Structure formats: C-alpha cells, structure tokens
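Asker: To start, I am sharing the structure in question, which I have written as structure tokens.
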C-alpha cells in the first residue's frame with residue numbers, strides 16, 4: 001500500500017492564491033504524484049472542474065475559483081475579459097454567470113462549463129494585464145464593453161467607469177488610440193469630451209448635450225462646491241446664482257430626500273435658486289427644460305438668448321417657456 005501523500009506547503013500556498021484551484025502540472029511540479037492526485041479525486045477530497053484542473057476542497061466552487069479555472073484552462077497568456085474583468089475591476093457589482101476568457105491567437109480551447117473562450121489577436125488590445133486572476137485593465141475592459149454594446153450601453157460604461165474614479169478619459173483615449181477598430185469610436189470621442197467637461201452620469205451627459213449645448217445656454221460648472229458649503233452640485237450657473245440638480249432615480253426617499261431639502265434651503269437663504277430635473281425631463285423633454293433654465297437665467301441677468309434645436313420644431317409653443 002502506498003503511504004498517503006498530502007499536498008506540500010508550497011502547493012497549499014499556491015492553491016490559496018488561486019482560490020483553491022490548481023492544475024495537474026502545478027501539483028506534480030510541487031511534489032504530488034499522479035497516483036496521489038487520483039486518490040484525492042476518487043476520495044472526493046479534490047473536485048475536478050475540467051480536465052487537469054482541480055478544486056482542492058470538497059465544496060461547490062466559488063466564482064473566483066471558476067474564474068481562476070478559466071485562466072488556467074486557457075494556459076499561458078490567458079486573461080479574463082468582458083464582464084468578468086468588469087466585475088473584478090469593480091465596474092459592475094455582481095459576477096457574471098458566463099466567464100469570458102481571452103486566449104492567445106492560434107490556441108483553441110473546447111471545454112464545457114462556465115467559460116466562454118475567445119482568441120485574442122496580437123495588438124487587438126493593450127498588452128497590460130492586471131490583478132489576480134489576470135485580467136484586462138479597466139480602460140481596455142471599458143473599450144471592449146463599449147465595442148460589444150449599443151450606443152446607450154456606451155454612454156453607461158464610459159460614465160460609470162469615470163464616475164467611480166476607476167479610470168480617466170485620458171486612459172480610455174490611449175486605449176482607443178492603440179486599436180485599429182473601435183465600433184463606436186466617434187461617439188466615444190464625443191462622450192469623453194463631455195465626461196472630461198465634468199458630466200459624470202448618463203443623465204448629466206444628456207443634460208450637457210441635449211439641453212445646455214443644443215440650446216446655446218451658458219456653460220455650467222459641474223460637480224463643484226460653492227459658498228464654502230459641503231455640497232457638490234451637478235450643474236451651477238454661478239454668475240446667475242442658479243443650480244441644476246439631476247436625479248436619475250424615481251425620487252429620493254428617507255434621509256436622502258431630507259439632505260436634498262436641507263441643501264436647497266441652505267442655498268435659498270443665500271438667494272441661490274435650485275432647479276431639479278429627472279430622467280424623463282432631460283431625455284424626453286430637453287427643449288422644455290432648456291427654455292425653463294433659459295428663462296430663469298434671463299431673469300437673473302443673463303444677456304443671452306436660447307437657440308432652437310432640431311427637436312424644438314416638434315414641441316408645441318405653449319410648452320416652451322416664454323423668454324424675453
């Protein structure tokens with residue numbers, strides 16, 4: 001009878017670093033015989049996840065264990081992409097059920113399970129790999145997600161990544177510059193200009209493009225503090241003591257609503273006016289919003305005049321604020 005062979009301390013450390021997963025080659029290189037591996041799997045102490053890939057504990061594999069398994073199955077140079085990389089880069093809150101794995105061009109992987117393997121041509125993305133398990137960097141992840149999404153998805157991914165301070169417009173532009181093909185290149189370039197101007201959400205981008213710019217309003221200052229108060233306003237027309245707050249939710253509840261009320265009241269005591277708009281206002285009624293903001297600014301000494309955009313022609317005159 002062969003004496004029972006236990007994993008070495010080196011193998012145990014490696015398994016811990018890889019969410020409990022090791023390959024057959026790693027195990028044998030660190031002192032385990034093939035007979036010992038077979039005995040552990042037969043006894044149920046190790047769980048095979050794919051050919052030559054083992055979970056070194058008799059439990060249901062966690063998502064990190066599956067992610068590591070995908071990279072190990074993919075072999076040298078493999079890395080996570082898509083929403084798997086987005087999750088690990090803190091761009092999305094929940095792990096995806098299907099794990100995208102990028103493998104070097106020329107390598108074919110056919111394995112059933114939680115993984116989707118994609119061959120990656122040289123130079124298709126920046127070569128930089130980060131994290132453990134290895135994955136695309138955040139800028140490359142954002143560009144990939146935009147590439148495979150709709151225009152509205154593109155707005156979402158760009159604004160979310162920058163709003164969360166995960167990357168910068170400059171880093172995304174560098175990633176785009178290194179790619180021969182970017183599906184929504186011009187849209188992304190325009191959006192990154194908007195984001196660099198201070199718009200931090202899809203709603204703020206819509207306000208900047210479809211309300212402010214489209215109607216010739218003064219350029220507001222975004223995400224700034226005023227009067228020494230501990231509040232950041234979405235858009236401020238400081239010369240006219242007017243603030244615009246944008247809320248993409250259906251409405252504040254609980255303490256959030258009262259914080260907004262306290263902020264508005266504090267500014268009101270200093271003779272600053274706050275206008276509030278939601279998603280429906282800005283996306284579906286941008287012309288009406290623009291005319292209302294323009295009327296307010298004119299009443300507060302703006303000497304300009306709003307311009308009509310192409311959509312204004314479809315809006316009944318009665319729905320546009322009269323400005324003089």
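Asker: Taking the criterion of being in contact with a helix residue (DSSP H, G or I) (Cβ under 7 Å, 6 or more places away or on another chain), over 26 Å from residue 97 (Cβ atoms) and surrounded by fewer than 19 Cβ atoms within 10 Å (Cβ to Cβ), would at least one residue in region 31-41 satisfy it?
Answerer: Applying the first criterion (in contact with a helix residue (DSSP H, G or I) (Cβ under 7 Å, 6 or more places away or on another chain)) to region 31-41 yields 31-32, 34, 37.
Cutting the leftovers down to over 26 Å from residue 97 (Cβ atoms) gives us 31-32, 34, 37.
Those left that are additionally surrounded by fewer than 19 Cβ atoms within 10 Å (Cβ to Cβ): 31, 34.
Looking through region 31-41, at least one residue is in contact with a helix residue (DSSP H, G or I) (Cβ under 7 Å, 6 or more places away or on another chain), over 26 Å from residue 97 (Cβ atoms) and surrounded by fewer than 19 Cβ atoms within 10 Å (Cβ to Cβ).
Asker: When only residues in region 71-90 that are in contact (Cβ under 8 Å) with a residue 60 or more places away in the chain and more than 10 Å from residue 141 (Cβ to Cβ) count, which is surrounded by the fewest Cβ atoms within 10 Å (Cβ to Cβ)?
Answerer: 90
Asker: Please determine whether any residue of region 226-233 is in a helix (DSSP H, G or I) and either more than 23 Å from residue 166 (Cβ to Cβ) or modelled with pLDDT of 85 or more (or both).
Answerer: No, the conditions are met nowhere in region 226-233.
Asker: Test each condition in (1) at pLDDT 95 or above; (2) in contact with a strand residue (DSSP E or B) (Cβ under 7 Å, 6 or more places away or on another chain) for residue 272 and report the one that comes out false.
Answerer: For residue 272, the exception is condition (1).
Asker: Do we find that residue 264 is at pLDDT below 90, outside any strand (DSSP E or B) and surrounded by 14 or more Cβ atoms within 10 Å (Cβ to Cβ) in this structure?
Answerer: Considered against the rule, which asks whether it is at pLDDT below 90, outside any strand (DSSP E or B) and surrounded by 14 or more Cβ atoms within 10 Å (Cβ to Cβ), residue 264 comes out as yes.
Asker: Do you know which of the residues in region 91-116 that are in a strand (DSSP E or B) and more than 22 Å from the chain's Cα centre (by Cα) is surrounded by the fewest Cβ atoms within 10 Å (Cβ to Cβ)?
Answerer: 104
Asker: Can I ask one more? Within region 42-59, how many residues turn out to be in contact with a helix residue (DSSP H, G or I) (Cβ under 8 Å, 6 or more places away or on another chain) and either buried (at least 21 other Cβ atoms within 10 Å of the Cβ) or on the phi > 0 side of the Ramachandran plot (or both)?
Answerer: So the first thing to find is which residues in region 42-59 are in contact with a helix residue (DSSP H, G or I) (Cβ under 8 Å, 6 or more places away or on another chain), and the list is 46-50, 52-56.
Pick out the ones that are also either buried (at least 21 other Cβ atoms within 10 Å of the Cβ) or on the phi > 0 side of the Ramachandran plot (or both) and you get 46, 49, 52-56.
The number of residues fulfilling the criteria is 7.
Asker: I'd like the full set of residues that are part of a helix (DSSP H, G or I) and over 23 Å from residue 203 (Cβ atoms), limited to region 289-305. Explain how you work it out, then say what you get.
Answerer: At the first step, the residues of region 289-305 found to be part of a helix (DSSP H, G or I) are 289-299.
The answer is 298, 299.
The values are calculated or read from the model by the stated rules, or taken from the named source; none is laboratory data. Every value quoted in this text rests on a predicted model; they were computed, and no experiment measured them. Neighbour counts run over all protein chains shown; Cβ positions are idealised from the backbone, glycine included.
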